[in-house]
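Read the structure below first, then the notes.
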4 protein chains.
Amino acid sequence: MEKINLEAIQKAFNTLQTVKDTFSKKGWFPATSGNLSIRVKGPPLDKNQSIIAITSSGKDKSIHTPEDYILVNMDGNLVLPSNLKPSAETLIHTSIYQQIPNCQAVFHIHTIPNNLISELYADQGKVTFTNHEIIKAFDIWKEDASITIPIVENYFSIPKLAEEISKVIQPEVPGVLIRNHGIYVWGDSDFTAKRHLEAFEFLFEYQINMYFLKKSK
Amino acid sequence: MEKINLEAIQKAFNTLQTVKDTFSKKGWFPATSGNLSIRVKGPPLDKNQSIIAITSSGKDKSIHTPEDYILVNMDGNLVLPSNLKPSAETLIHTSIYQQIPNCQAVFHIHTIPNNLISELYADQGKVTFTNHEIIKAFDIWKEDASITIPIVENYFSIPKLAEEISKVIQPEVPGVLIRNHGIYVWGDSDFTAKRHLEAFEFLFEYQINMYFLKKSK
Amino acid sequence: MEKINLEAIQKAFNTLQTVKDTFSKKGWFPATSGNLSIRVKGPPLDKNQSIIAITSSGKDKSIHTPEDYILVNMDGNLVLPSNLKPSAETLIHTSIYQQIPNCQAVFHIHTIPNNLISELYADQGKVTFTNHEIIKAFDIWKEDASITIPIVENYFSIPKLAEEISKVIQPEVPGVLIRNHGIYVWGDSDFTAKRHLEAFEFLFEYQINMYFLKKSK
Amino acid sequence: MEKINLEAIQKAFNTLQTVKDTFSKKGWFPATSGNLSIRVKGPPLDKNQSIIAITSSGKDKSIHTPEDYILVNMDGNLVLPSNLKPSAETLIHTSIYQQIPNCQAVFHIHTIPNNLISELYADQGKVTFTNHEIIKAFDIWKEDASITIPIVENYFSIPKLAEEISKVIQPEVPGVLIRNHGIYVWGDSDFTAKRHLEAFEFLFEYQINMYFLKKSK
């Protein structure tokens, strides 16, 4: 452990704080829900020994305290002794990092639109968006582009939930919806993960409105 | 009275100011509505002699003045001489503190979603939310969790209203809706009461939208 | 004119700036629309010689400049020489001040809800709200309280519009809607006018939502 | 090139920064979408040699960096050597400047309402707004005023898209919608372009709501 780069940890914590602050102001962590993680870079952190910095459980994310973040390994265990506990959902984060090798950041938030979409399209297990300029935010550059995000049921058992998520994850789609349990989204940087998240949330809000409008025709 | 802990009072006022500021920025006190209270801790404040700090009546809660808070006892009377008057609704606060022994904070706000829900489900006298991850914010940790919040009619007489509320309060549900008169919510700390409130408001907004979507199918 | 109280003018300008800033952050002045006025107090400003401070025409209200406010008399003419021009709608303000003797502040804003309500209920020429706790913000304290706000057609001629407004104004209802032209609201202080405005906007937004919900039943 | 006025460039960059900041806080650049440009004034910048300052591609517009803006000529090429690349959509901006001689600023943003409107009225290729006070923001001052904004299909090829836009642009209507690709809006100053944009967005949001309300009657 002594080889961990302290600067890398500090940089990861700083990035989490910036993202946490931005999302908190948007109301994206209602009732202390949601969590954010980022892969800590630097030697000797190769793929097998990856460490992630993650928000600690049950905090009010609109304020900053010295206890906001913890370090966990790929088993979801604390890297350093601490009286803080990792969020139960840490396992979902580590599972995503392990499945997507170039994943550097994972964000989980609850919004009204992402919860509504997850319920409305739960039976199909997925929802598809077509012909939106904003799809370019997923680095999909072609005519008549579309993107399909999977939706999984919300299991009470987190290991079971992590397993179900791992079954539906596809490398080209950087997100998954859990029924009435928000979205997990990721990217090859915190910047990219944020761009993916904003694009998904835009599509969800649009779709909810269009669903109303088309039905009421 | 000389035994009251001045530090405890100051801490209660500071907490109220932080909460007031946060809620005010969300637009949760339209037209000077709403009020916040917190139990003042420290000797000799046992259950029978409890004192609460509460927002004074009719103020613009988006600004701070030296007259924003007052101290009242469990009868709703001023503890110290003041030219400020307690809100008429102080009796609802004290009634809740008396009924829920571990209650430390009571928040009352008006939002569009909580008023709409209170009207849409008024005939049933309650509304139930099921299978939402956010229900964990109420410290309910089980499969297929649900929570039912009672709704009471809005009586012009505050003592009558306080009495009706006391009839429907249940220890495991930290809130009550009044028809077109917002929500009262509480917790064993201001942090918990805020978490409960955000969870309720999330569920209300979700439900209003789902009500539209399901009806327009 | 030399008798005008400079302090009173400065106080009026300061109040307008605070209100302008608050409303601007809410998005209540889209596309430079809206205007605010306040009666300048102090000798020799009795009812017959009243002067009002009012926002000047066509400014971006999200920024502050030395040209944001002007002084006009009850004929809507500039009190002091200026290269600024009063808003055409100044006449509506002065008309309201003349009709309501204790009126101290008049606010005019456009919001999506107030424009929608003004259109939906235009044929009736008014809209009534009943059984809302928030009605107490109009200082109406009784069981089964209600308030009815008049709606007038939007005439291109401002003198004609001012005349139509003066026909429907009632002392006990501090506001009037113009069809697809926002609301005028007033009070016996800027504080009261703001409380009235927030209460009306709350009722409008509630009503729009309830209109959807009831229709889609 | 040495004749370019450095002060004029700095002024253009400062203006873009202010507008970028304002729009970013409104959420008008979701997922790094959107771009802003302004004509750089001063000799020798006559109509044939115009240079525009424009936001560089793919940046998070909620933060400020030294790489936020670039200078391009009317062919959409960089004026000064840079490792930054112009947005692909620069061609749409330059096309608008060339077609509207007094155009000084062009803003492109994505919002839920402008995307919904662009889809709902795509078949008609336009949408008309009538009898709204806010239409005065387009400097249209007459009884029963109306404004019609054209809607074009969203072509993947930007030159093709720029061409289609140029076909529908009308001097008296300072905007065009692209199907599920937001709005382009302009004016004879950044102030005017912003006023036009706010007016359009107000009309779009109003219309979406009225569409619901009328259909659900």
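The values are calculated or read from the model by the stated rules, or taken from the named source; none is laboratory data. In this text the structure is predicted, and so the values were computed from the model without any measurement. Please note: Cβ atoms are built from the backbone with ideal geometry, for glycine as well, and neighbour counts cover all protein chains shown. Accessible surface is based on the protein model in full, side chains and every heavy atom, while ligands, DNA and RNA are left aside. Shrake-Rupley method; radii C 1.70, N 1.55, O 1.52, S 1.80 Å.
Relative contact order of the stretch C:85-217, please, whole-number percent, based on alpha carbon pairs below 8 angstrom and at least 6 residues apart.
So the answer I get is 33 percent.
Measure off, as a whole percent, the carbon and sulfur share of the 1.4 Å-probe accessible area of the stretch D:12-96, all protein chains present.
52
Just to be sure I understand the interface: list residues from the stretch A:187-202 that lose 50 Å² or more of accessible area between the chain on its own and the complete protein assembly, 1.4 Å probe.
Buried by the other chains: A:Phe191, A:Phe202.
Stokes-Einstein D for the protein assembly as shown at 25 °C, 0.890 mPa s, Kirkwood Rh over Cα pairs, in µm²/s?
83
Work through the residues other than B:Ile158 whose Cβ is under 12 Å from its Cβ and net out their charges, Lys, Arg +1 and Asp, Glu -1.
-2
Write down the Å³ per residue value for the convex hull defined by the alpha carbon atoms of chain D.
Given the Cα convex hull of chain D, per-residue volume reads 124 Å³.
In nm, to one decimal, how far is the A:Asp144 label point from the A:Gln170 one, both placed 7 Å along Cα→Cβ?
Taking the simple label geometry, A:Asp144 and A:Gln170 are separated by 1.7 nm.
Using the crude model of +1 on Lys and Arg Cβ and -1 on Asp and Glu Cβ, and no other charge, please compute the dipole size for the stretch B:84-217 relative to its Cα centre, in debye to 20.
Around 260 debye, computed over the stretch B:84-217.
If you put a point 7 Å past Cα along the Cβ direction, how far is that point for B:Ser157 from the same point in each other copy, in nm, smallest first?
For B:Ser157, the other copies' label points sit at 5.6, 5.6, 7.9 nm, shortest first.
How many square angstrom of accessible surface are buried between A and D, both sides summed, with a 1.4 Å probe and rounding to 100?
The contact between D and A buries close to 2200 Å².
Enter the mean number of other protein chain beta carbons within 10 Å of the beta carbon of each residue in A:108-118, as an integer.
3
State, to one decimal in nm and shortest first, how far the label point of A:Trp141 sits from each corresponding label point in the other identical copies (label point: 7 angstrom along Cα-to-Cβ).
4.8, 4.8, 6.8
Specify which residue in the list C:Ile135, C:Ile165, C:Asn154 is farthest towards the positive end of the charge dipole of the stretch C:69-217, using unit charges on the beta carbon of Lys, Arg (+1) and Asp, Glu (-1), about the Cα centre.
C:Asn154
Need one value: the accessible area of C:Cys103 in square angstrom, 1.4 angstrom probe, rounded to the nearest 10.
0
Is there a quick way to get the dipole size of the stretch D:97-164? I mean about its Cα centre, with the Cβ of Lys and Arg at +1 and of Asp and Glu at -1; what is the value in debye to the nearest 20?
My answer is approximately 140 debye.
Relative contact order for the stretch B:112-171: what percent, with Cα pairs under 8 Å and sequence separation of 6 or more?
Computed value for the stretch B:112-171: 31 percent relative contact order.
Whole number in Å², please: accessible area per residue of the stretch C:1-117, 1.4 Å probe, ligands, DNA and RNA not counted.
Per residue, the stretch C:1-117 has 44 Å² of solvent-accessible surface.
Counting only protein heavy atoms, what percent of the accessible surface of the stretch A:127-178 is carbon or sulfur at a 1.4 Å probe?
50
Which one of C:Lys85, C:Lys20, C:Lys61 has the biggest mean-square fluctuation once chain C is modelled by GNM with Cα springs under 10 Å?
Its mean-square fluctuation being the largest, the pick is C:Lys85.
Excluding D:His196 itself, what net charge comes from residues whose Cβ is under 12 Å from its Cβ, given Lys and Arg +1 and Asp and Glu -1?
So the environment of D:His196 carries a net charge of -3.
Say a paramagnetic label sat at a point 7 Å from the Cα of D:Asp75, along Cα to Cβ; which residues of the stretch D:98-116 have their backbone N under 20 Å from it?
Answer for this model: D:98-99.
Ignoring ligands, DNA and RNA, what accessible area per residue does the stretch C:120-173 give at 1.4 Å, in Å²?
Accessible area per residue: 51 Å².
Taking B:Val79 in one copy and the same position in all the others, each labelled 7 Å out along Cα→Cβ, what are the pairwise distances from the first, in nm, shortest first?
Inter-copy label distances (nm, one decimal, shortest first): 4.7, 4.7, 6.7.
Taking the Cα centre as origin and putting +1 on Lys and Arg beta-carbons and -1 on Asp and Glu beta-carbons, what dipole magnitude results for the protein assembly as shown, to the nearest 20 debye?
The dipole of the protein assembly as shown has a size of about 240 debye.
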